[in-house]
Amino acid sequence: MYKNLIINENLCLITKLCKHNLHSNNIMAPIIGKIACKKIELDLGVTLKGGQSFRWSAIENDTKYRGVFAGEVWTLHQDDNYISYTAHNSTFDSVNKCEAELRKYFNLHISLEENLEQWSKCDLHFKKFTNIVKGVRILNQDVIENLFSFICSANNNITRITSMVDKLCRHFGKKICQVDQQWYYDFPTIESLAKKNVQSILTKEGFGYRAPYIHNSAKMLIELGGRKWLEELFKESNTDYEIARQKIQVLPGIGPKVADCICLMSLGYLEAIPVDTHIYQVARETYLPDIKEVKSVTPAIYQIVNSHLREIWGPLAGWAQAVVFCTRLKDNLNKKKTENIENKPRKKIKK
């Protein structure tokens, strides 16, 4: 489905020559290329700005997206059939490596189109969601970045989480490169977030109760074994989803919802369903009318909703949840636009 890389060979030759000349100054030339990917399989705007990663910005009138993953700064652009990319100041040694990283990050080995068809067959309500948003994919993120980003997400909104993650990177992350007069940073290591002054800096930056959660989780992770301990929780390590979900909750600031976000977006458990306010409202309205009068998500209600939706949507239930979640985000955005238009002061007509 995603047949292979298409590139401008002259451009790649120029890139190689530039790299040769720039090595002595520790400046790496960008790698530029293009991969085949239909927009129905991946919509960059919906996926990158849909509350999974908080490292991406829309640029050039929302026609391109710039962000950081795999230790690189990327600029992405798409049309109906291709995704064009620039890996700025790239340490990757080939275009093939860039393509492999993109495919891994966007889980492009899985057909979204086929799964949308499957979810619509097993759930008669699902078609109404796919009519509103298309091209939603689950990102395969670095587990450290994903974990600490979602500690920031508690009782928060996407705009503020994005600001907090940016502050984490600027204070404690390593500089990658400068693009269009702006510096970009890698996500901090566990060790850098465990240093003594971290909590006080984050408190001054307005992280509130999340400041000690981040600092203490970093210290506890080091005691548990760091990245290696987290990697033992990966699905590919044959760990059971429920076991991974429970183990991750030993860290300060991680409850069931954040644990499910981490399981879904970086540990490989595509069946995991984070039950936030949006998903809870959909469950009450459409799938579980018996809980319609329940006003808040208690641990018991969380588990009921989580289990019920996983039973309906199957082994990729978390991905189906992301489609529904993005639908609600779009609905809310459209409502705000309508309200802004209706509340806009009308100009007085001069007589």
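Can you tell me how many residues within the stretch 150-175 are more than 18 Å from residue 204 (Cβ to Cβ) and in contact with a strand residue (DSSP E or B) (Cβ under 9 Å, 6 or more places away or on another chain)?
3
Can you tell me how many residues in the stretch 280-315 are surrounded by 14 or more Cβ atoms within 10 Å (Cβ to Cβ) and either touching a residue at least 60 places away in the same chain (Cβ under 8 Å) or under 23 Å from the mean Cα position of the chain (by Cα) (or both)?
13
Could you grab me the full set of residues in the stretch 163-175 that are over 17 Å from residue 141 (Cβ atoms) and either surrounded by fewer than 21 Cβ atoms within 10 Å (Cβ to Cβ) or polar (S, T, N, Q) (or both)?
163, 167, 170, 171, 174, 175
Can you report the number of residues in the stretch 116-138 which are at pLDDT 95 or above and β-branched (Val, Ile, Thr)?
Counting residues in the stretch 116-138 that are at pLDDT 95 or above and β-branched (Val, Ile, Thr) gives 2.
Take residue 171 and decide whether it is within 22 Å of the chain's Cα centre (by Cα) and modelled with pLDDT under 95.
Spelling it out, it is not the case that residue 171 is within 22 Å of the chain's Cα centre (by Cα) and modelled with pLDDT under 95.
Of all residues in the stretch 72-127, how many are touching a residue at least 12 places away in the same chain (Cβ under 8 Å) and charged (D, E, K, R)?
9
The values are calculated or read from the model by the stated rules, or taken from the named source; none is laboratory data. The model shown is predicted, which means the values in this text are computed figures rather than measured ones. All Cβ positions, glycine included, derive from the backbone under ideal geometry; neighbour counts span all protein chains shown.
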